[in-house]
Structure formats: C-alpha cells, structure tokens
Ligand SMILES: [Zn+2]
C-alpha cells in the first residue's frame, strides 16, 4: 500500500515546543517507589504491572517532591479501609458502617497542569475527599524538591509545573505567581515577632518596627 504523505496530519506545534524544553525529572525515584510497594502493597498492587493493562506500569509519573504528600495520603487511605474492616469483624460497626470499603488500587499517579493527579478504583466519599485535598495541596509543593512555602508557584514554559524558585532557576523556568494571596501571607509573616513560632499561633500579631530607612 502506498501512503500519501500529503494527507498525513502534521505534528502539533505545542508538542514540538514541549519536546525542546528541559524538564525536571518526571518519574519518581525507584527507591521511593519501593517504599510505597512495601508499605502499601494493596494500593500499589499494579505498580510495574503489564503495560497493556495499567498506567502504573511506569510507576509514579511525577517528581520526587510529592513523595511525602502521597505517602501521607496512602497511610490515611489504608488506615480508613482497615479500620472499617476491623469494626465489622468485631461487630462494633455503626448502622452506616456495615459495608466494607472497597480496597483502593491506584490506576495512575501523575502530574497534570502543575498538580498531582490520581486515578484509582475502590474507596468511598471520605477517600475521594482526601484525594481531592491532596491534589490541591500539591500546587504549593515543589514537584522536584518538595519545598513547601509561599515561594512555590506554577511555571509556564511549554509545560505547567509547580516549582520553587531554585528549581526554576536550575531548569530555566519562570514562576507565574499568585500575587494577592502571597502578599497577604508575607504581610502576616513579617508582622510576627518570630516567624517560626507563628506557625503554632503562639505569638500575637505585632507590628514590625520600621527601620530608619523606611521611616524616611
Ligand atoms: Zn524545588
């Protein structure tokens, strides 16, 4: 059969552009993935499985920076499922807890539009809400190094990612900041006597004394 090349659809422009940009590593380190398999074997049942059957065949398709976030989520999910099974087995389950929760099995873990995205089977409304929360939180955590503060922002250069300033510098990207919310956060941080203690709500809001330069 002769293929008429003039009828072939050209490669999309954005694909060519994305391919020319250097990205942060986009697959989680195998040592970190081994931790998941060891501690949450039911959730990661399909990790490195058959490529024709599961997207988990490639492992977690995101940077190492979201390791702790994902770890906390899996810990909570498995605890929730096991606790329900225990209550049922011991006969302590309340009226609305009579049914066991279907085991959560991850079908795909990846980065999408600068955030963590998880597709899975099983679970209940409680788990669904936790997954949603974690996906949103990932916006404020550098996907590459795990830094979590107001400096982390989304970058737009071929591929949207959530990165900290130093990772941006390393990979030649630019942060598109959420100016209003960051300005608010910095204002409060500056007004505290001790920014670290302010996390615990110990210090009262205290105006910072102006320096001689600022007074002028
Ligand atoms: Zn970083």
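Values quoted throughout were computed directly from the atomic coordinates according to the rules given, and no laboratory measurement underlies them. Keep in mind the model is a prediction, meaning the values are calculated, not measured. Backbone-built Cβ (ideal geometry, glycine too); neighbour counts: all protein chains shown.
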- Message: For a quick check: sort 61, 162, 128 by the number of other beta carbons within 10 angstrom, fewest at the front.
- Response: 128, 61, 162
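Nearest 0.05, what FRET efficiency do residue 50 and residue 182 give at R0 = 35 Å with Cβ-Cβ as r?
Computed FRET efficiency for residue 50 and residue 182: 0.20.
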- Note on the structure: In this structure, the FRET efficiency calculated for residue 174 and residue 112 from their beta-carbon separation, with R0 = 22 Å, to the nearest 0.05, is 0.65
- Item | Share of alpha-carbon pairs per 5 Å distance bin for segment 23-141, given as whole % | 2, 11, 21, 23, 19, 11, 6, 5, 1, 0, 0
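Report the full-extension gain for the segment residue 191 to residue 26: residue separation times 0.36 nm, less the Cα-Cα distance, to one decimal in nm. Can you show the working numbers first?
On the way: separation 165, 0.36 × 165 = 59.40 nm, distance 3.82 nm.
Gain on stretching residue 191 to residue 26: 55.6 nm.
Could you calculate the contour length gain from residue 38 to residue 121, that is, 0.36 nm times the residue separation minus the distance between their Cα atoms, to one decimal place in nm?
Length difference between fully extended and current span is 27.9 nm.
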